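Step one of this worksheet: look at the structure below.
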Amino acid sequence: QVQLVESGGGLVQPGGSLRLSCAASGSIFSINAMGWYRQAPGKQRELVAAITSGGSTNYADSVKGRFTISRDNAKNTVYLEMNSLEPEDTAVYFCHATIYSLLVGGRRDYWGQGTQVTVSS
């Protein structure tokens, strides 16, 4: 079994910062891409940022220059540093990873349970 566990969400004022973490655990052979998605009320889930095992990154236009994604391959953990937060960033943030598990016998997409980020004064 493979699990993704997120932490770091919360309430922050506009212009503030938060750091999200997501740790993968379980029967993991290798992890390909890891990333963060978000879903605001009444909206579809959207990609925020993604990072490959080699460190290449991709960001949504709305967060470029404000958010930074990184990963620690030794800890199977991905991070999202969020700066200059805006009310429009309010959403549930989900961690995603493509993981090869020997227990499952193949590569699958896994999701975290989600963590709420609220930007409000």
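The values are calculated or read from the model by the stated rules, or taken from the named source; none is laboratory data. Bear in mind the structure is a predicted one, so any value in this text is a computation, not a measurement. All Cβ positions, glycine included, derive from the backbone under ideal geometry; neighbour counts span all protein chains shown. Only protein heavy atoms, including side chains, enter the accessible area calculation; ligands, DNA and RNA are left aside. Shrake-Rupley method; radii C 1.70, N 1.55, O 1.52, S 1.80 Å.
Could you please find all residues in region 87-121 being touching a Gly at 6+ places or on another chain (Cβ under 8 Å) and closer than 19 Å to Q39 by Cα?
Looking only at region 87-121, we keep the residues that are touching a Gly at 6+ places or on another chain (Cβ under 8 Å), and these are 92-97, 100-101, 103, 115-119.
Across region 87-121, the qualifying residues are V92, Y93, F94, C95, H96, A97, T115, Q116, V117, T118, V119.
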Go through region 63-111 and count every residue that is closer than 15 Å to G15 by Cα and either open to solvent by less than 40 Å² (accessible area, probe 1.4 Å) or touching an Asp or Glu at 6+ places or on another chain (Cβ under 9 Å) (or both). 7
Six or more apart or on different chains, Cβ under 6 Å: which pairs go from a residue in region 101-118 that's assigned to a loop (DSSP other than H, G, I, E, B) to one that's surrounded by fewer than 15 Cβ atoms within 10 Å (Cβ to Cβ)? Could you list them? L102/S27; L102/F29; L103/S27
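Any chance you could count how many residues in region 37-55 are closer than 23 Å to Y100 by Cβ, open to solvent by 30 Å² or more (accessible area, probe 1.4 Å) and under 15 Å from the mean Cα position of the chain (by Cα)?
Quick first cut of region 37-55, residues closer than 23 Å to Y100 by Cβ only: 37, 47, 49-55.
Filter again for open to solvent by 30 Å² or more (accessible area, probe 1.4 Å), leaving 37, 47, 52-55.
Subsequent filtering for residues that are under 15 Å from the mean Cα position of the chain (by Cα) retains 37, 47, 52-53, 55.
Residues flagged as closer than 23 Å to Y100 by Cβ, open to solvent by 30 Å² or more (accessible area, probe 1.4 Å) and under 15 Å from the mean Cα position of the chain (by Cα) within region 37-55 amount to 5.
At least 2 residues that are under 19 Å from E86 (Cβ atoms) and out of contact with any Ser or Thr (no Cβ under 6 Å at 6 or more places or on another chain) in each: list the strands (runs of 3 or more DSSP E) lying fully within region 1-75 that qualify.
Numbers: elements: 2-7, 10-12, 18-26, 30-39, 46-51, 57-59, 67-72.
The strands (runs of 3 or more DSSP E) meeting that bar are 10-12, 18-26, 30-39, 46-51, 67-72.
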